[in-house]
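Shown next, in structure tokens, is the structure this report addresses.
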Amino acid sequence: MAAVNDGGGVGGVTKGVNSGVAPATYGQGDRPPRGDYASARADYTCEQDWGRYTAEDHALYQRLYERQAAQLPGLACEEFIDAVGQLGTPTQIPRFDALSQRLHRATGWEVVAVPGLIPEEAFFALLAARRFPVTGWIRKPEEFDYVVEPDVFHDLFGHVPLLFNPMFADYMQAYGAGGLKASRLQSCEYLARLYWYTVEFGLIATPAGLRAYGAGILSSAGELRHSVTSPQPQRLAFDLERIMRTRYKIDSYQATYFVIDSFEQLFRATAPDFTPLYEAVSQRDEVAAEATLPGDRVLGL
Ligand code: HBI
Ligand code: FE
């Protein structure tokens with residue numbers, strides 16, 4: 001879902017996602033939908049219709065893939081690098097059914113086509129069922145460095161490889177199940193922040209140093225190196241309540257990245273029922289994306 005300014009970034013989701021775009025509309029509202037919502041099913045899934053991709057679409061996918069793949073070593077986490085090959089040949093947009101067969105064998109997940117951004121309830125329901133929604137359309141060549149909404153490249157390259165990792169796959173399903181329980185709108189905002197600062201823009205500490213695991217970072221040519229090596233942003237130790245209080249930037253690189261020690265840590269964090277946490281967060285002030293609080297554990301490079 002996430003977006004970044006250059007290099008395969010993506011806009012999108014409910015908050016606009018680093019693109020300054022107005023809150024996403026799901027096939028209605030001010031911008032004409034890029035996907036065909038009218039023919040989507042009740043759960044917002046649709047057919048990929050692989051035959052409709054043109055040679056230009058496949059060539060664009062290959063250019064995006066190769067630009068990102070070239071810079072993964074030393075910046076992307078090993079789990080991502082180990083799994084990215086599962087997407088298949090970079091010369092064409094993967095067929096979701098073949099990809100789902102490989103993915104299902106690994107972690108019980110499958111990839112399902114959607115026309116684009118979908119409402120949170122539908123999104124959570126798909127994740128809870130181990131079905132990852134992947135936008136069917138690909139950006140235009142002129143959007144090579146920047147696309148307002150999540151396209152097939154962001155969703156496939158950014159999100160799908162880590163779904164081959166059992167622990168991360170379990171986290172994603174637990175996140176979806178938690179989302180379904182988030183009855184009050186306010187807690188959907190808290191969950192959106194959790195998604196943003198982990199699934200989209202998360203960093204992980206490794207013996208070799210910081211590495212990216214967030215899809216919004218991994219699908220962006222510019223932010224991948226920036227997030228792991230730049231002294232400019234702050235990097236804070238993962239803290240669930242702090243994340244749920246923290247606003248995020250939708251039109252620039254992140255000012256703050258949260259760093260986990262392991263995917264197990266992430267999964268464990270989602271084990272308890274979030275209701276008391278939502279209560280606690282609702283009593284505290286929101287935090288600006290670039291703010292540093294006295295209790296923060298600020299990590300160095
Ligand atoms: N829809 N297709 C799609 N992809 C997303 O990543 C997505 C979405 N709808 C809602 C959403 N993400 C966010 O609200 C998450 O924070 C839940
Ligand atoms: Fe995303």
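Per-structure values
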quantity	calculated
Single residue of region 126-141 satisfying the filter (aliphatic (A, V, I, L, M) and surrounded by 19 or more Cβ atoms within 10 Å (Cβ to Cβ)) that is nearest to ligand 2 (Cβ to nearest atom)	V134
Helices (runs of 4 or more DSSP H) within region 182-250 that include 1 or more residues within 16 Å of ligand 1 (Cβ to nearest atom) and either crowded, with 23+ Cβ neighbours inside 10 Å or at pLDDT 95 or above (or both)	185-195, 215-218, 240-245
Top-ranked residue of region 113-125 - restricted to ones that are buried (at least 22 other Cβ atoms within 10 Å of the Cβ) and touching a Ser or Thr at 6+ places or on another chain (Cβ under 8 Å), ranked as farthest from C46 (Cα to Cα)	L117
Cβ pairs under 6 Å, 6+ apart, first in region 102-128 and over 12 Å from A169 (Cβ atoms), second in a helix (DSSP H, G or I) and not small (G, A, S)	R102/Q86; V111/F96; V111/L99; A113/F96; P115/Y37; E120/C188; F124/L180; A128/L180
Any hit, region 162-181, residues being touching an Asp or Glu at 6+ places or on another chain (Cβ under 8 Å), aliphatic (A, V, I, L, M) and crowded, with 18+ Cβ neighbours inside 10 Å	yes
Only listed residue being more than 20 Å from L218 (Cα to Cα), acidic (D, E) and within 16 Å of ligand 2 (Cβ to nearest atom), chosen from E110, E120	E120
Test set (1) surrounded by fewer than 18 Cβ atoms within 10 Å (Cβ to Cβ); (2) within 17 Å of M244 (Cβ to Cβ) - F144 fails condition number	(2)
Extreme residue, nearest to R247 (Cα to Cα), among residues of region 156-193 that are without any contact (Cβ under 8 Å) to a residue 60 or more places away in the chain and among the charged types (D, E, K, R)	R193
All positions within region 92-107 that are closer than 14 Å to L156 by Cα and either within 16 Å of ligand 2 (Cβ to nearest atom) or not small (G, A, S) (or both)	Q92, I93, P94, R95, F96, D97, L99, R102, L103
Members of region 268-301 found to be hydrophobic (A, V, I, L, M, F, W, C), under 22 Å from the mean Cα position of the chain (by Cα) and not in a loop (DSSP other than H, G, I, E, B), listed by number	A269, V287
Residue, nearest to ligand 1 (Cβ to nearest atom), within region 102-112, restricted to residues that are β-branched (V, I, T) and surrounded by fewer than 23 Cβ atoms within 10 Å (Cβ to Cβ)	V112
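The values are calculated or read from the model by the stated rules, or taken from the named source; none is laboratory data. Only a predicted model underlies this, so the values are computations on that prediction, with no experimental measurement involved. Glycine gets a Cβ as well: all are built from the backbone with ideal geometry, and neighbour counts include every protein chain shown.
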